[in-house]
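A.B. asks: Have a look at the structure that comes next, please.
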Amino acid sequence: MTTTTASSAPERGPRRTRPAPRWWERPWIAPLALFSLVFLLYSVPPYLALDPARARLPVPDHPSWYFTALVTHIFGGTLLTLLVIVQVWPWVRRRYPAVHRWSGRAYVLAGVPFVGVPALLIAPYSGSGAGGQVSNTVWAVLWLSFTVAGYVMARRRRFAAHREWMLRSFALVFGIAFNRVLLIVLILVMLPRVDTVYGGDVDAMGLALGPASGFLSWIIPLLAVEWWLKYRRPRRRVPRSA
Ligand code: HEM
């Protein structure tokens, strides 16, 4: 992973002189927000009753703290998903920089103990087998590392490096929602071969595809961010008044 412009010299704070982009210059923000909200409305309600029987994944009896950690992770993850929308919304960043700073602090200070650490604790107990357990563990370690790196860079006022690490961190948060879509796509791709490969057992096919979609769901958004950082870095704008 490269930190393309994470120069060693301290960088100046964000430039305030650039005009806020118009909404059509950021056409992704509304679909991203909508997709994230649909994901939350679908994924979170089963856990509101705090009943392990209603969980969407198998809840092991041991360790006894598993369900508490899972629910903490999910409620924290809900907050994180909403904060990511606020953080990547250029209009909020430029118009209300204080909101950006405070929601950024909340993202790190709530995300590390209530989302990243519980994710790391439950990752080895995934019912999707060794592949899923490894994928989930690497995902959690990377999220924690990127988030802490982004926070440290902001404290050191190295804002270009801060931005890069936080974009990587946001990409990994997005992975959970992307996973839902990806699993459906993989199932649709493999469905014509369910008889030949899985003996007609659709559940077995879903289980087998789980680790693959798990890996791809955080690797693809991460690669997309790396591509964006390398090739699509926003160029300096000419002020509209000019
Ligand atoms: C930040 C990076 C994240 C990591 C590393 C992570 C990791 C994990 C892990 C390891 C599991 C257990 C999966 C299994 O046992 O197979 C899990 C489950 C879950 N996570 Fe996350 N997660 C992240 C972000 C989020 C976010 C932002 C949400 C939003 C609410 C979320 C919601 C859930 C839900 C709902 C489950 C239960 C599975 C289900 O109901 O389908 N996660 N996550």
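The values are calculated or read from the model by the stated rules, or taken from the named source; none is laboratory data. Given the structure is predicted, the values throughout are model-derived calculations rather than measurements. Cβ coordinates were reconstructed from backbone atoms using ideal geometry, including for glycine residues, and neighbour counts include every protein chain displayed.
A.B. asks: Against the definition (within 12 Å of the ligand (Cβ to nearest atom) and farther than 22 Å from G214 by Cα), how does Y107 come out, yes or no?
C.D. replies: Against the criterion (within 12 Å of the ligand (Cβ to nearest atom) and farther than 22 Å from G214 by Cα), Y107 qualifies.
A.B. asks: Moving to a separate point now. Only one of G175, G127, G150, G116 is touching a residue at least 12 places away in the same chain (Cβ under 8 Å) and over 23 Å from G214 (Cα atoms); which?
C.D. replies: None of the other options fit; the residue is G150.
A.B. asks: Can I ask one more? Against the definition (at pLDDT 95 or above, touching a helix residue (DSSP H, G or I) at 6+ places or on another chain (Cβ under 6 Å) and more than 9 Å from the ligand (Cβ to nearest atom)), how does T72 come out, yes or no?
C.D. replies: Yes: the conditions hold for T72.
A.B. asks: Here are some residues: L207, L188. Which one is part of a helix (DSSP H, G or I), without any contact (Cβ under 8 Å) to a residue 12 or more places away in the chain and either on the phi < 0 side of the Ramachandran plot or not acidic (D, E) (or both)?
C.D. replies: Of the residues listed, the single one that is part of a helix (DSSP H, G or I), without any contact (Cβ under 8 Å) to a residue 12 or more places away in the chain and either on the phi < 0 side of the Ramachandran plot or not acidic (D, E) (or both) is L188.
A.B. asks: Have a look at L41, L79, L34 and point out the one that is away from the ligand (no atom under 13 Å from the Cβ) and not in a loop (DSSP other than H, G, I, E, B).
C.D. replies: So the residue among L41, L79, L34 that is away from the ligand (no atom under 13 Å from the Cβ) and not in a loop (DSSP other than H, G, I, E, B) is L34.
A.B. asks: Just checking, how many residues over the stretch 85-108 are part of a helix (DSSP H, G or I), out of contact with any His (no Cβ under 7 Å at 6 or more places or on another chain) and either hydrophobic (A, V, I, L, M, F, W, C) or on the phi > 0 side of the Ramachandran plot (or both)?
C.D. replies: To start, the set of residues in the stretch 85-108 that are part of a helix (DSSP H, G or I) comprises 85-88, 90-95, 97-108.
Okay, now just the ones that are also out of contact with any His (no Cβ under 7 Å at 6 or more places or on another chain), so 85-86, 88, 90-91, 94-95, 97-108.
From the residues that got through so far, the ones that are either hydrophobic (A, V, I, L, M, F, W, C) or on the phi > 0 side of the Ramachandran plot (or both) too are 85-86, 88, 91, 98-99, 102, 106, 108.
The total comes to 9.
A.B. asks: Could you list, in sequence order, all residues of the stretch 139-171 that are within 9 Å of the ligand (Cβ to nearest atom) and either within 19 Å of L57 (Cβ to Cβ) or not in a helix (DSSP H, G or I) (or both)?
C.D. replies: Within the stretch 139-171, W139, A140, W143 qualify.
A.B. asks: Confirm whether Y198 is away from the ligand (no atom under 13 Å from the Cβ), farther than 18 Å from R56 by Cα and modelled with pLDDT under 95.
C.D. replies: The answer is yes for Y198.
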